[in-house]
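Structure first, then comments.
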Amino acid sequence: MGDGEHTDVLVIGAGFSGLYALHRLRSLGFSVRVLEQADGVGGTWFWNRYPGARCDSESYYYCYSFDPELEREWTWTERYPGQEEIRGYLEHVADRYDLRRDIEFGVRVSAAAWDESGWTVTAEDGSSRRCRWLVTAVGCLSAANVPDLPGLADFAGEWHHTGRWPHEGVDVGGKRVGVVGTGSTGIQVIPVLAEQAGHLTVFQRTPNYSIPARNAPVSAAETAATRADYAAIRRVQQASTNGHPFVLSDVDVLDLPADRRRELYEAAWERGGLRFRAAVKDLLTDRAVNDDASDFIREKIRETVHDPATAETLTPRDHPFATKRPPIDTHYFETYNRDDVSLVDVKADPIAAVTPTGVRLESGAEHRLDVLVFATGFDALTGPLLGMDIRGRDGVSLREAWADGPRTHLGLGVSGFPDLFTITGPGSPSVLTNMPVAIEQHVEWTTDLLLRLRDTGERAEPTPEAEEAWAHEVVRAAEATLLPQAASSWYLGANVPGKARVFLPYAGGYARYRDTCAEEAAAGYPGFALTRPTATESPVAAAGR
Ligand code: NAP
C-alpha cells in the first residue's frame, strides 16, 4: 500500500472517528485506507500526554457503543479515564477489529484535490493516493494554538504545548515552571505540575469556573451494574442534549426556598463533574438561573482559596457558567493555597515577551522560568481542516470557501466539495456532545449515504441552499442559549487572532440533530445534489474496483 494506490475511501486520522469509520466501511465491503500522521492510533489521546490528562466524560460512556461484546470485555478502572487508559482502549479496538493493516502511520496529509474522477490526496512526503470518497476524521481540537509571543525562539529553557507533550515526559522536578492558560487543560495540568515543580507560576488571562471531578476507582460491582444496564444507558444518551446518560433536572431552582436550593447545589457539587450542569434546569437558557448557579461556584472559590486577593483574581465574572466549556478538576483551586504556587493576572498586566530567562510582562515585571507550558488551546474545528490545502470543484480551496467562517450542511459536507465528508466538522454538535456519541452517529450516517452512492453511482455534494439554511439553523440554535455570551470562547473562534467570529458547533442538542439527519436521509437527501457523472468521468472506474 502507499504511493499511487486507489481505494474507494481514504480516511484522514486514526482517532475515535477514523477507527470507527474504517471498521464500519470495511465491514460494508468498501476498500479503505486510513492516513495518520502519528505513529500510533488515538488521535487527541495520542498527543495530549501532559500530566493529569484525563477525560471529563465518565469512562463507562466515553467509549464506543457499536458492539455489545466490546462493552462487555473492556473494564475501565477509574470514573474518569486517564489518557493512557483511553489510548490503551483505542489500541485494543485497533487490534480487536484488525484495523492496523489498513492504517498507514507517519503519513501527514498536506493537500487533497478533487477532479471529475475523484480525490487525489497528497502527503507531506510527496506521496499521493487516490480515492472516490474522502472522509476527514481529523478531530476538532488537534491544531495546537501557541501564542505568537516575541522572544519565544530565544527562550533558554524548554517550552511545550500541552497538546504536543513529549512522549518521554518532561522532568520538572525542582524547576521553576510557568503555565499559560486556565482552560480545561490548564485546570488539569496545574495541580499535577504543582506537585512536581520547585515553583509553579500560573499566567491567567481569564478566570474560569470549575467543578470538582470526584474521580475514584470503579468497583467490580459498579462495572457489573453498568454492563447489566448498558442498553438503557445508551437509550438515555441517544435522547439527550449532550450525549451524556444523565436525565436533566426538571426542578426550577429559583422557585425553591433558599435552603432547598442550597441543598440542590451542594448535592450536585458533591456528585461532581459535568453532572453539576445537568442538575440545574435551564442553566444555559435563563440568565437569572445561571447567575444563581454561578454565584454558588464563586462562593465555593472564596471558601476554598485562603488568600482573598488570590481568590478574587480566580473568580470568573465575565461570562455565565458553562458558556465556555466547563472544566472539571482535582484540587485545582486548592493548589493556590500552596506556598510554591503563584498566580499572575495577565489580563491586568499582559505578557509582553518571552526572554531567554522567563516571561516579561508589560509593566516590566519579570518571572524567571526553566520550563514554560502553553495550555493555550487549539484552533478548534476549522484549524485541522484548513491545515490541509483541500480543493474542490474548479480548484476552489476550502480556505477561500470559508474565508468568512465555515459553511457546511449538517457539519458533514461542504458545497463545492463533492464526495467529501467531514466527521465532527463545524456545524455538527461534536464538541458540545460527549464525543463518541456524536462520532458514531456521524460515521453511521455518512456510511449509509456512501452505500447509496455506491449503488447508484451518484456523486453527493451539499446544495448552496441547504448550506445556507444550516448556517441559519446553527446561528439560531446558538442564539437560543447563553453560549454566545462568552466573548472569549473558542466555540466562537475568539481564541485565535484573525479567525472569523462564528459560533462553530451546533448547539441545538444531539437528539434534535440526530433526528434532523435521519429526516434528511429518509427524504432522499434533499440537501445534497446527487448527480450521475458522465461515462468519461466515472468515479467507480477511478476507484479501481
Ligand atoms: P482553551 O479552553 O482554549 O483554554 C486556553 C487557555 O489559554 C485560556 O485560559 C486562554 O485564556 C489562555 N490563553 C490563550 N492564549 C493566551 C495568551 N496569548 N495569553 C494568555 N493566555 C492565553 O484550551 P484547553 O484548555 O486546551 O481546552 C480546549 C478544549 O479541549 C476544552 O474546552 C475541551 O473541550 C477539550 N479538553 C477536554 C479535556 C477533557 O475532557 N478532559 C481536557 C482538556 C481539554 P482566555 O480564556 O482569556 O482566552
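The values are calculated or read from the model by the stated rules, or taken from the named source; none is laboratory data. Please read these numbers as outputs of a predicted model, since none were measured by experiment. Note: ideal-geometry Cβ built from the backbone for every residue, glycine included; neighbour counts use all protein chains shown. Note: accessible area is taken over every heavy atom of the protein model, side chains too, but ligands, DNA and RNA are not part of it. Shrake-Rupley method; radii C 1.70, N 1.55, O 1.52, S 1.80 Å.
Please work out the Cα center distance from segment 1-70 to segment 304-327, rounded to the nearest Å.
With segment 1-70 and segment 304-327 each reduced to a Cα centre, they are spaced 36 Å.
Mind ordering 518-525, 338-345, 490-497 by average Cβ neighbours within 10 Å, highest first?
Order by mean packing, descending: 490-497, 338-345, 518-525.
Between rounded, prolate and oblate, where does segment 1-122 land on the alpha carbon gyration tensor, with a ≥ b ≥ c its root eigenvalues, rounded for a/c under 1.5, else prolate if a/b exceeds b/c?
Judged from the Cα gyration tensor, segment 1-122 comes out prolate (a/c at least 1.5, a/b above b/c).
Any chance you could look up the accessible area of His319 with a 1.4 Å probe, heavy atoms only, rounded to 10 Å²?
The accessible area comes out at roughly 10 Å².
Okay, helix-only estimate at 222 nm for the chain: each DSSP H run of n ≥ 4 adds -39500 (n - 2.57), divide by all residues, round to 500 deg cm²/dmol; what do you get?
-10000 deg cm²/dmol
With charges only on Cβ, +1 for K and R and -1 for D and E, what is the dipole size of segment 279-352 about its Cα centre, in debye, rounded to 20?
With only Lys, Arg, Asp and Glu charged at Cβ, the dipole is about 300 debye.
Less than 28 Å apart at the alpha-carbon level, and either on another chain or at least 8 residues along: which lysines does that give for Lys347?
Qualifying lysines at Cα under 28 Å: Lys175, Lys300, Lys324, Lys499.
When the solvent-accessible surface of protein heavy atoms is calculated with a 1.4 angstrom probe, in what order do Arg214, Arg512 fall, highest first?
Of Arg214, Arg512, the descending order of accessible area is Arg512, Arg214.
Could you work out how far apart the two model spin labels at Asp515 and Glu168 are, taking each label as a point 7 Å from the Cα in the direction of the beta carbon, and quote it in nm?
Each label point is offset 7 Å from its Cα along the Cβ direction, giving 5.5 nm.
In whole angstrom, how far apart do the alpha carbon centroids of segment 491-518 and segment 93-109 sit?
Comparing the Cα centres of segment 491-518 and segment 93-109, I get a distance of 29 Å.
What does DSSP give for the chain in terms of the percent of beta bridges that are antiparallel, rounded to the nearest 5?
Looking only at bridges with both residues in the chain, the antiparallel portion is about 40 percent.
Among residues other than Thr376 whose Cβ falls under 15 Å from its Cβ, what is the net charge (Lys/Arg +1, Asp/Glu -1)?
With Lys, Arg at +1 and Asp, Glu at -1, the net is +4.
About the Cα centre of the chain, what is the dipole size in debye to 20, counting +1 per Lys and Arg Cβ and -1 per Asp and Glu Cβ, all else neutral?
280
Using a 1.4 Å probe on the protein chains only, how many percent of the accessible area of segment 370-521 belongs to carbon and sulfur?
Percent of accessible area from carbon and sulfur atoms in segment 370-521: 51.
Show me, for segment 161-172, the HN-Hα J-couplings you get by feeding each phi into the Karplus relation (A = 6.51, B = -1.76, C = 1.60, θ = phi - 60°), rounded to Hz, glycine and proline as x.
After applying 6.51 cos²θ - 1.76 cosθ + 1.60, I find 8, 4, x, 9, 5, x, 5, 7, x, 10, 7, 9 Hz.
Given a Förster radius of 60 Å and the C-beta distance between Ala111 and Leu256 as r, what FRET efficiency does 1/(1 + (r/R0)^6) yield to the nearest 0.05? Could the numbers behind the result be given before it?
Details: r = 58 Å, r/R0 = 0.96.
Here the calculated transfer efficiency is 0.55.
Tell me the angle of helix 464-479 to the major Cα principal axis of the chain, expressed in degrees between 0 and 90 and rounded to the nearest ten.
Between helix and principal axis, roughly 20 degrees.
Could you tell me the convex hull volume per residue, in Å³, taken over the Cα atoms of segment 347-439?
It is 166 Å³ per residue.
Please calculate the 1.4 Å probe accessible area of Ser27, with all protein chains present, and give it to the nearest 10 Å².
80
In whole Hz and in residue order, list the ³J(HN,Hα) couplings for segment 84-99 that follow from phi through the Karplus curve 6.51 cos²θ - 1.76 cosθ + 1.60, θ = phi - 60°; x for Gly and Pro.
5, 5, 5, 4, x, 4, 5, 5, 4, 4, 4, 6, 4, 9, 6, 7
Given a 1.4 Å probe and heavy atoms of the protein chains only, how would you sort Phe503, Phe276, largest accessible area at the top?
Ranked from most to least accessible, the order is Phe503, Phe276.
Could you tell me the largest-minus-smallest coordinate of the C-alpha atoms of the chain on each of the three principal axes, in descending order and whole angstroms?
75, 57, 45
Could you tell me the ratio Rg/Rh of segment 113-164? Both radii from Cα atoms, Rh via Kirkwood.
Taking Rh as the inverse mean 1/r over Cα pairs, Rg/Rh reads 1.20.
Could you sort Leu412, Leu264 by their accessible area in this structure, using a 1.4 Å probe and putting the largest first?
Putting Leu412, Leu264 in descending order of accessible area: Leu264, Leu412.
Order 442-450, 81-89 from most to least packed using the mean count of other Cβ atoms within 10 Å.
442-450, 81-89
So how tilted is helix 184-196 from the main axis of the chain? Cα-based, degrees 0 to 90, rounded to 10.
Approximately 50 degrees, to the nearest ten.
Across 10 Å bins from 0, what is the distribution of all Cα-Cα pair distances for segment 174-327, in whole percents?
Once binned at 10 Å, the Cα pair distances of segment 174-327 give 9, 32, 33, 20, 6, 0.
Can you bin segment 74-158 into rounded, prolate or oblate? Criterion: square roots of the alpha carbon gyration tensor eigenvalues sorted a ≥ b ≥ c, rounded for a/c under 1.5, prolate for a/b above b/c, oblate for the rest.
Since a/c reaches 1.5 but b/c is at least a/b, the shape of segment 74-158 is classed as oblate.
Write down the accessible area per residue of the chain in Å², having rolled a 1.4 Å probe over the full set of protein chains. Present the calculation step by step, with values, prior to reporting the outcome.
On the way: 21150 Å² over 545 residues.
Dividing the accessible area of the chain by its residue count gives 39 Å².
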